[in-house]
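For reference, the structure is listed below as structure tokens.
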Amino acid sequence: MSVRKFSRPRRLVLASAALVALASGAIAGAPAALPGPDGGLTILVAGVDSRAGLTAAELKRYHAGGKGCDCTDVMMLVRVSARNDRVSVVSLPRDSLTSFPAGHVDQRTGKVHDAHPAKLNAAHTEGGPKHTVEAVERMTDTHVDRYLEIDFRRFMDGVDQVDGGVPICTVQPLKDLVTGIDLAPGTRNVKGGEALQYVRSRRDGNMDFGRMQKQQKFVVNMWRTIRAGVLEDPDRLWALASTVRGTAETERSLSVTEMFTLAVRLRDLAPDRTEFATVPIRRFNPTITGVGSSVAWDEKPAAEIFAALRAERPLPKAPATQTSEIPRGLGEYRPAGGASLVCP
């Protein structure tokens, strides 16, 4: 993975120009080049299982070895309110069962597929970002305005640009032999490699559901850290946006300028103005040949969640009676305010 490099004077000129545009009111209802519908802005953030650009030493040190699947192991549907006063984030489980329509071309083989069942994270493997966005839109009945894709390299390098690292915390000891993370109860700041180990960890007894909660917690603490320092320095903010964004171009991809502008617009957004949830899961599905194990959404409450996003309403509260058939309370819908995810 190559990251586009700007000289410091060049970054300052570009960053300052964006700030001037903001201050002048030239983009008063919406960020430059971003759609500004009355209902706000929806971004699909996808974390791709790709180790491109990692050195052999990094692969070993951070237990990131093995062959990447080029699939989306992280999918977060992010809704920014039209007034920039609330951000709602809904995680979409990677093993969500869906169906891909006939006629799409497999980017690996060139084969034209018939309609077939699949896990949601396989959309990227088969058809790349465009196919991923379309699959999410079908499942959520929600239009995606912009797409942001982050691989292992960009994630690590982005975290490394935050002075002092990003805080992570756990109440119970967290030891995952697969990712190599070993945390005692409490809070500690981590740099890129350890941060990657943390957001990839799913062997704490809560499987992918626990991993998605870690990812949400990390997003809150990353944003809180950025607000405390990076946002005050246009040069650093531009460099961070450039690193995370990378250089790949795809349909509806979020640009560096758009990332920078959106971050500045949200500079007053405290954690208590954010909310996080995971799509409610009804059950584990029977194993399907060619697909493997998957999970089924609890369709009625899931539809209500996405309807709330589209209508600019806060996420629905957790129901009094949960309907998940998965033991130990896994798969249940439990929205959380961002302030409750901040590490002490």
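Screening the candidates LEU231, LEU237 for the property of being modelled with pLDDT under 95 and either in a helix (DSSP H, G or I) or under 19 Å from HIS63 (Cα atoms) (or both) yields one hit, LEU231.
Of THR287, THR321, THR274, all but one fail to be modelled with pLDDT under 95 and polar (S, T, N, Q); the exception is THR321.
Yes or no, residue by residue, for (1) of a type outside the set (Gly, Ala, Ser); (2) within 21 Å of the chain's Cα centre (by Cα); (3) surrounded by fewer than 18 Cβ atoms within 10 Å (Cβ to Cβ):
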position	(1), (2), (3)
PRO167	yes, yes, no
LEU174	yes, no, no
LEU177	yes, no, yes
ARG188	yes, no, yes
ALA195	no, yes, no
ARG211	yes, yes, no
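Return yes or no: is ARG236 farther than 26 Å from GLY40 by Cβ, in contact (Cβ under 8 Å) with a residue 40 or more places away in the chain and surrounded by 18 or more Cβ atoms within 10 Å (Cβ to Cβ)? Yes, satisfied.
Of the residues making up the range 240-258, just one is in a helix (DSSP H, G or I), hydrophobic (A, V, I, L, M, F, W, C) and surrounded by fewer than 22 Cβ atoms within 10 Å (Cβ to Cβ), namely VAL244.
Can you tell me which residues in the range 181-218 are at positive phi and at pLDDT 95 or above? Hit for the range 181-218 is GLY186, nothing else.
Reported count of residues in the range 294-344, each being over 17 Å from MET212 (Cα atoms) and of a type in the set (Lys, Arg), is 4. Check the range 137-153 and report whether any residue there is modelled with pLDDT of 95 or more, of a type in the set (A, V, I, L, M, F, W, C) and more than 25 Å from LEU97 (Cβ to Cβ). Yes, the range 137-153 contains at least one residue that is modelled with pLDDT of 95 or more, of a type in the set (A, V, I, L, M, F, W, C) and more than 25 Å from LEU97 (Cβ to Cβ). Is there a residue being at pLDDT below 95 and surrounded by fewer than 22 Cβ atoms within 10 Å (Cβ to Cβ) anywhere in the range 290-303? Yes, there is a match, as at least one residue in the range 290-303 is at pLDDT below 95 and surrounded by fewer than 22 Cβ atoms within 10 Å (Cβ to Cβ).
For ARG203, the test of being of a type in the set (Lys, Arg) and either farther than 27 Å from LEU177 by Cα or outside any loop (DSSP other than H, G, I, E, B) (or both) is failed. All conditions in (1) of a type outside the set (Gly, Ala, Ser); (2) buried (at least 19 other Cβ atoms within 10 Å of the Cβ); (3) at positive phi hold for PHE155, with the sole exception of (3). The set of residues in the range 107-144 that are surrounded by fewer than 20 Cβ atoms within 10 Å (Cβ to Cβ), among the charged types (D, E, K, R), farther than 20 Å from PRO280 by Cβ and touching a strand residue (DSSP E or B) at 6+ places or on another chain (Cβ under 8 Å) contains only LYS111.
Residues in the range 141-161 that are more than 14 Å from the chain's Cα centre (by Cα), farther than 30 Å from LYS300 by Cβ and in a loop (DSSP other than H, G, I, E, B): 1 in all. A single entry from SER253, SER242 fulfils the requirement of being within 22 Å of VAL90 (Cβ to Cβ) and of a type in the set (Gly, Ala, Ser): SER253.
The values are calculated or read from the model by the stated rules, or taken from the named source; none is laboratory data. What you see is a predicted model, and the numbers here were worked out from it, not measured in a lab. Glycine also receives a Cβ, built like all others from the backbone with ideal geometry; neighbour counts cover every protein chain displayed.
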